[in-house]
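Before any comments, here is the structure.
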Amino acid sequence: MLKIVVCVSGGGTNLQAIIDGIAQGTIGNVRIVRVISNNKKAYALERAEQAGIEGVCVSPRDYADREQFNRALLQKVEEAAPDLVVLAGFLVVIPPELIRRYENRIVNIHPSLIPSFCGTGYYGLKVHEAALARGVKVTGATVHFVDEGTDTGPILMQKAVAVKDGDTPESLQRRVMEEAEWVILPKCLDLIAAGKVTVADGQAHITE
Ligand code: GRF
């Protein structure tokens with residue numbers, strides 16, 4: 001059984017896709033042992049409660065400085081003793097210590113085809129605003145392992161989504177979520193739990 005902690009900051013639709021995938025059996029051998037949010041008001045925490053999953057909030061506001069927050073976040077992750085940490089819309093810079101302790105055991109879902117529209121400042125709607133401003137005809141989502149950089153770790157899976165005439169950032173975000181994020185993140189967790197993923201020399205590989 002692959003025990004996962006899911007880190008969230010907002011609506012939690014990617015968390016919900018994981019919850020539903022486990023319930024429907026499309027994600028095998030995975031158990032969410034804790035949901036952690038930096039935002040007390042995150043609806044994702046409501047989704048966790050509705051699913052009977054322990055939700056914990058670690059808010060930077062409750063700590064004197066970033067170092068104390070980082071220590072608290074690391075502690076809340078370690079307490080749950082996960083095999084894998086899943087960042088699902090988690091708008092927090094991951095502490096280097098957490099990355100070191102969970103090397104190649106943290107995955108993130110990003111709403112673009114990395115290396116496009118990623119890195120510092122590219123999150124949420126901003127990603128889709130940039131894609132529309134550039135006029136790309138195809139965008140999508142990426143699941144990647146997290147390293148010390150921002151959206152720079154080994155790419156595990158990507159899924160392309162067409163940009164349509166008249167798209168707004170909101171309509172494009174919704175399509176990328178529905179057609180890509182909510183498909184590849186559950187798929188990646190199922191593959192990792194089945195032992196079909198390896199990471200070597202900065203590259204991730206799926207062995208079907
Ligand atoms: C998603 O677009 C995800 O790709 C990005 O942040 C958003 C989170 O959405 N990282 P949700 O909280 O999973 O609904």
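The values are calculated or read from the model by the stated rules, or taken from the named source; none is laboratory data. Because the structure is predicted, anything quoted here is derived from the model rather than measured. Positions of Cβ are generated from backbone atoms using ideal geometry, with glycine treated the same way; all protein chains shown enter the neighbour counts.
Before moving on, here are some points about what is shown:
- Members of region 72-102 found to be among the basic types (Lys, Arg) and exposed (fewer than 14 other Cβ atoms within 10 Å of the Cβ), listed by number: ARG100
- Verdict on SER116 being under 23 Å from ALA44 (Cβ atoms), among the hydroxyl-bearing types (Ser, Thr, Tyr) and away from the ligand (no atom under 11 Å from the Cβ): no
- Cβ pairs under 7 Å, 6+ apart, first in region 1-22 and part of a loop (DSSP other than H, G, I, E, B), second more than 13 Å from the ligand (Cβ to nearest atom): MET1/ASN29; MET1/ARG31
- Filtered residue count, region 43-67, keeping only those that are out of contact with any Lys or Arg (no Cβ under 6 Å at 6 or more places or on another chain), within 16 Å of the ligand (Cβ to nearest atom) and not in a helix (DSSP H, G or I): 3
- Tally of residues being in contact with a His (Cβ under 9 Å, 6 or more places away or on another chain) and either within 12 Å of the ligand (Cβ to nearest atom) or in a loop (DSSP other than H, G, I, E, B) (or both) across region 148-159: 4
- The residue that is farthest from the ligand (Cβ to nearest atom), among those in region 30-42 that are of a type outside the set (Val, Ile, Thr) and out of contact with any Gly (no Cβ under 9 Å at 6 or more places or on another chain), is ARG31.
- Cβ pairs under 6 Å, 6+ apart, first in region 74-90 and more than 28 Å from TYR122 (Cα to Cα) and in a helix (DSSP H, G or I), second at pLDDT 95 or above and of a type in the set (D, E, K, R): ALA80/ARG34
- Count of region 176-194 residues, restricted to those that are in contact with a Lys or Arg (Cβ under 8 Å, 6 or more places away or on another chain) and not acidic (Asp, Glu), is 3.
- Complete set of residues in region 101-119 that are among the aliphatic types (A, V, I, L, M) and either in a loop (DSSP other than H, G, I, E, B) or at positive phi (or both): LEU113, ILE114
- Taking region 120-147 as the range and being in a loop (DSSP other than H, G, I, E, B), more than 17 Å from VAL176 (Cα to Cα) and modelled with pLDDT of 95 or more as the test, the residues that pass are VAL146, ASP147.
- Here GLU103 does not fit the description of being over 29 Å from GLU79 (Cβ atoms) and among the acidic types (Asp, Glu).
- When residues in region 160-173 are screened for being surrounded by 18 or more Cβ atoms within 10 Å (Cβ to Cβ) and either small (Gly, Ala, Ser) or not in a helix (DSSP H, G or I) (or both), 2 of them pass.
- In region 19-57, residue nearest to GLN75 (Cα to Cα) [restricted to those that are of a type in the set (A, V, I, L, M, F, W, C) and in contact with a Cys (Cβ under 9 Å, 6 or more places away or on another chain)]: ILE36
- Of the criteria (1) at pLDDT 95 or above; (2) more than 26 Å from THR198 (Cβ to Cβ), which one VAL93 fails: (1)
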